[in-house]
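Bear in mind that the values in this text are calculations on the coordinates, not laboratory data. Quick caveat: nothing in here was measured; it's all calculated off a predicted structure. Positions of Cβ are backbone-derived with ideal geometry, glycine not excepted, and every protein chain shown enters the neighbour counts.
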Amino acid sequence: MRLQLYGTGKNGLQMVKLAWNYHCHTNYTDGSNTVEQIAKYCDDRGIEEIAITEHVRKNLSYNFDNLLLDIERTNKLYKVQILSGIEAKILPAGSLDCSEEIKKKVDIIIGSVHGLNGMAEREAYEMLAESDCTIIGHPQFFSNKFINSLVTTGKVVELSSRYEQSDEMLLAFKDAGLLFSIGLDSHTLGDFNDFGKMEDLIKRLGLQEQLWRYAP
């Protein structure tokens, strides 16, 4: 789904206001805050929609169903819409490090390269493009083959405020017609302050017509 955010103000300049973040971590793994603390913080600041995309492995160290219940309960208490999601790394065999059961329970699947585990960077990203994720998490590599795979498989690429992403890469994604997901990769409440950085990047590179919002 495409969403145009920019409007023309009185001074003729294009303006943008982001109100969603599709990459959040909680204290179920390496985040600092509970689901409810994040929701309250978002409500107080007019943030409309977030996705809790917790780290997963095929063998989990926490109860994922408890996290889903936490999201469901908190959704009834606050205005912010909380989507369920996961972030899983690509494995050398070409699959995501996540059980099929958990994949079926969530709205959003972020696939990321977290360590190469003996793979070449090119190989890891090309396999990630062919995996069953929704979003390519914080990409830091591009090639024609990788981009062509993203277009063919309909993947969304993440605009990250935590990881360095070159203008050259983001413009190559833009020219290919790919859509961009807003991912602050939030681990603390303070990470939500990175919205301004993202808004500046979107305006500078002219990505306003290729921003993605979740639609079931």
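Listing for the model above:
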quantity	calculated
Answer label for semi-axes √(5λ) of the Cα gyration tensor in Å (calculated), chosen among (i) 34, 20, 12; (ii) 25, 21, 20; (iii) 25, 25, 14	(iii)
Förster radius 41 Å - calculated FRET efficiency between A176 and K76 (Cβ-Cβ, nearest 0.05)	0.55
Set of lysines with alpha-carbon distance to K76 below 17 Å, sequence-local pairs under 8 removed	K40
For a label point 7 Å along the Cα-to-beta-carbon line of R213, residues of the range 68-107 with backbone N under 20 Å	75-76, 78-85, 107
Aspartates and glutamates with Cα under 20 Å of K104, excluding same-chain neighbours fewer than 8 positions away	E54, D65, D70, E72, E87, E130, D132
Residue order, fewest to most beta carbons within 10 Å, for R204, R122	R204, R122
Size of electric dipole in the chain: Cβ of Lys, Arg +1 and of Asp, Glu -1, about Cα centre, debye, nearest 20	480
Gain upon complete extension [L205, Y62; 0.36 nm per residue less C-alpha separation]	47.5 nm
Long-range HN-HN contacts of A51 with modeled amide H, under 5 Å	N21, Y22, H23, C24, L83
Within the chain, percent of DSSP bridges classed antiparallel, to nearest 5	15
GluC sites (Glu not before Pro) within the range 110-216, DSSP loop, no more than 13 other Cβ atoms inside 10 Å	E164
Ascending count of other beta-carbon atoms within 10 Å, so fewest first, for H114, H138, H23	H114, H138, H23
Computed label-point distance, nm, for sites E164 and T29 using a 7 Å Cα→Cβ extension	2.4
